[in-house]
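Working notes, beginning with the structure itself.
The values are calculated or read from the model by the stated rules, or taken from the named source; none is laboratory data. Just so we're clear, the structure is a prediction, and the values are computed from it rather than from any experiment. Here the Cβ positions follow ideal geometry from the backbone for every residue, glycine too, while neighbour counts run over all protein chains shown.
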Amino acid sequence: MSREKMANQNERLLELQERMEKIEHKYMIMSGKGGVGKSTISVNMAWILAGQGEKVGLLDADLHGPSLPWMLGIKAGMLPAKDGFIEPVMITPELGVVSIGLQLDDNDQPMIWRGPIKMGVIQQFLGMVAWGNLDYLIIDSPPGTGDEPLSIAQLVPEIDGVIIVTTPQDVALLDARKSVLFAQRLKLPVTGIIENMSGFVCPACGQQIDLFKSGGGQRAAEELGVPFLGQLPLDPEIMRSGDKGEPFIQGYKESKTARIMEDIVERAINERK
C-alpha cells in the first residue's frame, strides 16, 4: 500500500472512531443461520428503545439480503447525503435507518461482492454516516460468522454486546453456539441468547402451542455460560407486520407477544448494567 493510500485509510479510521465516540451504546444482533427472525428482533428492539425517547440508529449490515427497508416500509432509492456524508433515513424523530437496500433501484438486484469490498461498505456505513449523538446503535448483522460481522467486530470500538437469535431446532442451536464462540474468540461481550419461534400463538384462541421444540435456547445458554434473554413465540401477526412494512411493536403494543418482546429488550439492556 502506498503512503498516500495508507494516510487516507488512517484518516478514514480516525473519522470512524470519532463518529463511534458519539454513540453511547452499540449492539450487534447475530444469528448462526438465516430465517430465525434476527432482523425482526433488530427492528423491534430499535423501535422499543426509540419509543422510550432514546436516540437510536439502526444499521442494516446484511449486504446480500437487506430486509430492513421492506420491514419498515421505506421505499428504495438513494440515501440522502449532506456535506459529503450519508444521512440516515428518519423513521421517527428518534430512529434513523441506513441500509444498502435503500440504494438499490430493484429489490431483486443481487450484490455480487467479495470480502474487501464488503468491508469497505461496512466502514463507510460506520464512518461516513452522519449518525450524530446516539444513545443506541443497533447493527443487524447477516447470518453466520463471515466478512460482515468480522468487519464490525474489528471496526466498532467498545461494542456493548452481541445478541444471538436462534430457534428451538437442533440445527439452529448448533449454529447459535458458533455465534457465541465467534464473539468470545473476538473478546466481544455476549449479551445473551433469544429463543425465537418458541411455540405458536393460535390466531383463533390466542393460546400458545408447542409446534416445535422449546427450551433449546435456554439449554444452549446454560451450557455456554451466557445469559438467556427469553423465549419469543411464533406469532402470525409478527410475520404480517413485517410484510406490511410496520414494526410489530407499533401495531400490537398491547398484545402478550409485544410485552414479552419488551421484557426481552429490557433484560438485554440491563445485562450491561
inquiry  = Among the residues that make up the stretch 236-248, is at least one of them in a helix (DSSP H, G or I), of a type in the set (A, V, I, L, M, F, W, C) and without any contact (Cβ under 8 Å) to a residue 40 or more places away in the chain?
reply    = yes
Scope the stretch 224-235; condition crowded, with 16+ Cβ neighbours inside 10 Å and free of Cβ contacts under 8 Å to residues at least 40 places away in the same chain; matching residues = PHE228, GLY230, GLN231, PRO233, LEU234, ASP235
task = Report, by residue number, each residue of the stretch 177-223 that is among the β-branched types (Val, Ile, Thr) and either without any contact (Cβ under 8 Å) to a residue 60 or more places away in the chain or in a loop (DSSP other than H, G, I, E, B) (or both).
result = VAL180, VAL190, ILE193, VAL201, ILE209
remark   = When every residue in the stretch 153-186 that is of a type in the set (D, E, K, R) and under 13 Å from SER31 (Cα atoms) is compared, the one modelled with the lowest pLDDT is ASP175
query = So which pairs qualify, if the first residue must be in the stretch 11-22 and more than 13 Å from LEU155 (Cβ to Cβ), the second must be not aromatic (Phe, Trp, Tyr), the Cβ gap must be under 7 Å, and the two must be at least 6 apart or on different chains?
reply = LYS22/GLY132; LYS22/ASN133; LYS22/LEU134
message = Please go through the stretch 131-152 and give me each residue that is aliphatic (A, V, I, L, M) and without any contact (Cβ under 8 Å) to a residue 60 or more places away in the chain, ordered by number.
response = LEU150
key: Hits in the stretch 27-48 - residues which are hydrophobic (A, V, I, L, M, F, W, C), more than 14 Å from THR191 (Cβ to Cβ) and either part of a helix (DSSP H, G or I) or without any contact (Cβ under 8 Å) to a residue 40 or more places away in the chain (or both)   = VAL43, ALA46, TRP47, ILE48
